[in-house]
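Working notes for the structure below.
The values are calculated or read from the model by the stated rules, or taken from the named source; none is laboratory data. Not measured: the values here are computed from a predicted model. Virtual Cβ from ideal backbone geometry, glycine too; neighbours counted across all protein chains shown.
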Amino acid sequence: MIGEAELKTPFGVTAQRGAVSQTRPVFRWVVLTLIFSLLCFREYDSPDGLRLAMYVDAWGGFRPVDLLVLGLVYLHVLWILATRQRLPKVPRTLKGPTLLFLSALGISFFYGLYRHGTHVYFDWRNIFLGAGVAVVFAWWIKTPSELHEGVRIFCFVMGLLVLYILGAYAVGAHSVETVITGVSTPLYDGPTLSAVVLLTLFAFRYAPQERSSLLRIWWLIAGCTAFLLVVLSFRRTFWAELAIGVLILAALQKQRRFAAFALIAIVAALVVSLGGKRVYERAESMDPFVEGEREYTNSNEDHINDILDALDQVKEHPLLGIGLGKTYPTPRLSGWKEESWEVHNGLLHVWLLYGMLGLAAYLWFHVRLFRWLKRLQGRHPDSGVRAFCQAGLAWMIGEFLVRLSFAPWPYGALQSDVAIFFIIGSAMSVQRLWMQAG
């Protein structure tokens with residue numbers, strides 16, 4: 001039996017509860033900084049450079065990052081069990097679609113094995129790592145003040161990364177030349193840019209309610225530099241993600257809605273006026289059917305052909321898809337690649353790999369997720385929790401909608417899953433405390 005004044009750790013060390021509570025903020029900074037640091041490293045090869053060694057298969061298909069995350073989650077689960085606390089639970093509204101997707105995953109897994117698929121874990125392992133990280137977030141973030149601190153840690157890590165990338169770009173130490181011919185850009189990596197969009201939304205939402213003048217200035221610097229990085233990167237996917245997120249965030253503001261929309265209009269006008277013709281033509285090229293072949297639209301045809309090749313496979317395998325671990329032929333993209341592992345469209349990707357059951361679960365999950373976050377941002381008594389849910393909801397809706405066009409589904413990268421499950425795990429934890437208090 002553990003005494004009231006003592007705490008048994010999973011390492012067999014007995015500690016005083018007062019000492020643990022005093023060191024908890026320090027450990028929170030260490031653990032959350034470690035997790036958010038994963039957002040700073042490339043998971044896949046891109047024009048920015050090669051992926052880091054931590055993301056390369058090393059032992060039995062496991063990557064070093066897998067072992068790092070699994071070890072961190074394992075230690076936290078042991079700690080929770082040793083201290084006789086309850087493991088975080090999935091919100092009731094998300095249980096149905098979660099179980100349905102797990103069923104679809106299991107069917108697709110065995111169907112892929114039946115069809116001699118290889119790497120049947122490749123497409124979904126990051127989802128499970130993200131779900132494990134959600135347990136860690138839920139452990140360290142229980143109260144509104146802890147949630148606010150978690151957001152600050154996220155923005156501190158991402159803010160330093162943004163300043164580093166822009167600084168390297170400004171002095172000519174790093175640039176990307178492949179986005180648009182003749183245009184030098186600072187960043188290409190998609191998951192990193194998506195996290196920068198989330199940083200922008202957090203900064204713009206938290207800045208007005210920050211009491212400290214210094215912190216308010218930091219929020220504004222972080223938000224403006226992150227916004228600038230997204231614009232200068234000329235990635236249409238993340239322009240759209242940022243635009244949708246900012247509009248939804250402004251629409252959720254009840255007291256400052258007019259001021260928010262006015263700010264959006266001013267910023268948009270400044271971007272167009274400063275960027276001139278290049279910004280306008282790059283934005284115009286978001287139309288996949290724009291006439292004429294030029295440097296701004298040279299990837300549009302490949303995107304359309306990618307969708308058409310995937311549709312051919314869906315027509316042949318409409319019920320179960322092709323199964324996990326299977327590639328599909330891409331005859332329309334033969335000049336680029338002969339086969340593909342993923343579709344640059346979220347819905348088609350899920351349908352192709354997880355079948356109609358997976359597609360239904362994917363849509364159902366996001367409808368329930370958005371409704372849950374919307375209710376929480378409207379009803380929670382703490383303004384910081386409402387701000388968190390509003391920024392998180394705006395980002396996730398933007399990410400979901402953009403993936404309906406010509407972008408991969410958001411759960412394929414661990415970087416994206418860390419950000420997604422930061423929102424889900426933290427909101428889940430503060431909601432439970434609020435409901436228990438009520």
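Going by the conditions given, is Ala251 of a type outside the set (Lys, Arg), surrounded by fewer than 14 Cβ atoms within 10 Å (Cβ to Cβ) and modelled with pLDDT of 85 or more?
In short, yes.
Inside the range 322-376, can you point out the residues that are among the aliphatic types (A, V, I, L, M) and under 30 Å from Trp434 (Cα atoms)?
Scanning the range 322-376 gives Ala361, Leu363, Val367, Leu369, Leu373, Leu376.
Scan the range 45-68 residue by residue and report those that are in contact with a Leu (Cβ under 9 Å, 6 or more places away or on another chain), hydrophobic (A, V, I, L, M, F, W, C) and not in a strand (DSSP E or B).
Residues satisfying the conditions are Met54, Ala58, Val65, Leu68.
Kindly evaluate Phe101 against the criterion of being exposed (fewer than 15 other Cβ atoms within 10 Å of the Cβ), among the aromatic types (Phe, Trp, Tyr) and within 22 Å of the chain's Cα centre (by Cα).
no
In the list Glu301, Glu241, which residue meets the criterion of being at pLDDT 90 or above, charged (D, E, K, R), closer than 29 Å to Trp351 by Cα and part of a helix (DSSP H, G or I)?
When all the criteria are applied, what remains is Glu241.
Out of the range 316-350, which residues are over 20 Å from the mean Cα position of the chain (by Cα) and either surrounded by 21 or more Cβ atoms within 10 Å (Cβ to Cβ) or farther than 20 Å from Asp302 by Cα (or both)?
Glu316, His317, Pro318, Leu319, Leu320, Gly321, Ile322, Gly323, Leu324, Gly325, Lys326, Thr330
Looking at the range 166-216, which of its residues are modelled with pLDDT under 90 and assigned to a helix (DSSP H, G or I)?
Those that are modelled with pLDDT under 90 and assigned to a helix (DSSP H, G or I): Phe204, Ala207, Pro208, Gln209, Ser213, Leu214, Leu215, Arg216.
Report whether or not Leu32 is of a type outside the set (Lys, Arg), crowded, with 17+ Cβ neighbours inside 10 Å and either over 25 Å from Val350 (Cα atoms) or touching a Cys at 6+ places or on another chain (Cβ under 8 Å) (or both).
The answer is yes for Leu32.
Note down all Cβ pairs under 7 Å where the first residue falls in the range 209-225 and is among the polar types (S, T, N, Q), the second is surrounded by fewer than 15 Cβ atoms within 10 Å (Cβ to Cβ), and they're at least six residues apart or on different chains.
Gln209/Ser383
In the range 400-432, what residues are small (Gly, Ala, Ser), in a helix (DSSP H, G or I) and within 18 Å of Asp123 (Cα to Cα)?
Gly412, Ser416, Ala419
Can you tell me which of Phe365, Phe388, Phe400, Phe370 is at pLDDT 95 or above, of a type in the set (Phe, Trp, Tyr) and under 21 Å from Glu149 (Cα atoms)?
Of Phe365, Phe388, Phe400, Phe370, the one residue that is at pLDDT 95 or above, of a type in the set (Phe, Trp, Tyr) and under 21 Å from Glu149 (Cα atoms) is Phe388.
Any chance the range 345-368 includes a residue that's outside any helix (DSSP H, G or I) and either among the β-branched types (Val, Ile, Thr) or closer than 22 Å to Glu241 by Cα (or both)?
Yes, there is a match, as at least one residue in the range 345-368 is outside any helix (DSSP H, G or I) and either among the β-branched types (Val, Ile, Thr) or closer than 22 Å to Glu241 by Cα (or both).
Kindly evaluate Gly49 against the criterion of being on the phi > 0 side of the Ramachandran plot, touching a residue at least 40 places away in the same chain (Cβ under 8 Å) and surrounded by fewer than 14 Cβ atoms within 10 Å (Cβ to Cβ).
no
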